[in-house]
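First up is the structure itself, then whatever we jot down about it.
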Amino acid sequence: MTFPPENPYERFLRAIHKSVYVIDRNADRLLTEKEGGTFSQFLILMAIAQCSGLSQQKIADFLDLTPAAISRQIDSLVKAELIVRKQDPQSRRSHVVSLTPAGKSRFLAMKSTLLDSFKEMAPASADELDAASEIIERIVVAMHPNP
């Protein structure tokens with residue numbers, strides 16, 4: 001199928017949309033096969049690894065999801081003993097989560113698997129990836145100023 005010539009904005013939007021889809025799908029498949037976890041679980045573990053003691057609301061905000069959308073994932077990570085959930089000492093209605101030692105190990109293994117795979121597949125240098133990341137981050141800030 002041939003598409004008519006695109007202007008740079010259309011091309012960029014299409015490329016971003018397609019790349020998000022492909023990265024999500026491949027990351028999920030890779031982590032399921034090699035680490036026994038999902039990309040969604042990895043993203044939650046990553047949020048917790050970056051700032052231990054987060055509430056489910058803060059994790060949802062970090063991932064731009066609703067608390068309901070991550071609740072089942074949080075439950076499965078607690079059941080797998082990868083995270084612990086405790087009542088927030090600041091608020092009885094809130095819970096905070098943090099990584100267990102097994103959760104930290106699983107997160108680091110998943111991260112390594114993803115990065116190694118991406119390095120093999122990415123047809124770009126580190127400098128090119130930095131430049132692309134900077135542009136995308138500027139666009140995100142402009143379109144979503146209150147992350």
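Read-outs throughout are calculated quantities, based only on the coordinates presented, and are distinct from any laboratory measurement. What you see is a predicted model; the values in this text were computed from it and never measured. Note that each Cβ is placed from the backbone with ideal geometry, even for glycine, and that neighbours are counted across all protein chains shown.
Here are some notes:
- Our summary gives the chain a relative contact order of 21 percent, counting only alpha carbon pairs under 8 angstrom and 6 or more residues apart.
- Only Lys, Arg (+1) and Asp, Glu (-1) charged, at Cβ; the chain dipole about Cα centre in debye: 720 debye
- Restraint check, 18/111; 18/79; 58/111, Cα-Cα greater than 32 Å: 18/79
- Look at where the Cα atoms of the stretch 25-76 and of the stretch 93-122 average out, and the two centres are 9 Å apart.
- Electrostatic dipole magnitude of the stretch 40-116 [Cβ: Lys, Arg +1; Asp, Glu -1; Cα centre; debye, to 20]: 240 debye
- Positive-end extreme of charge dipole, the stretch 40-116 - chosen from 97, 42, 62 (charges on Cβ): 97
- Hydrodynamic estimate: the Kirkwood radius of the stretch 40-116 over Cα pairs, inserted into Stokes-Einstein at 37 °C and 0.692 mPa s, corresponds to D of 265 µm²/s.
- Take the chain and mark each of the GluC sites (Glu not before Pro) that is in a DSSP loop with at most 16 other Cβ atoms within 10 Å; the longest unmarked stretch, sites excluded, is 7-80.
- Calculated [θ] (222 nm, deg cm²/dmol) that DSSP helices of n ≥ 4 give over the chain, each run adding -39,500 (n - 2.57): -22500 deg cm²/dmol
- Using only the C-alpha atoms, the convex hull of the chain corresponds to 154 Å³ per residue.
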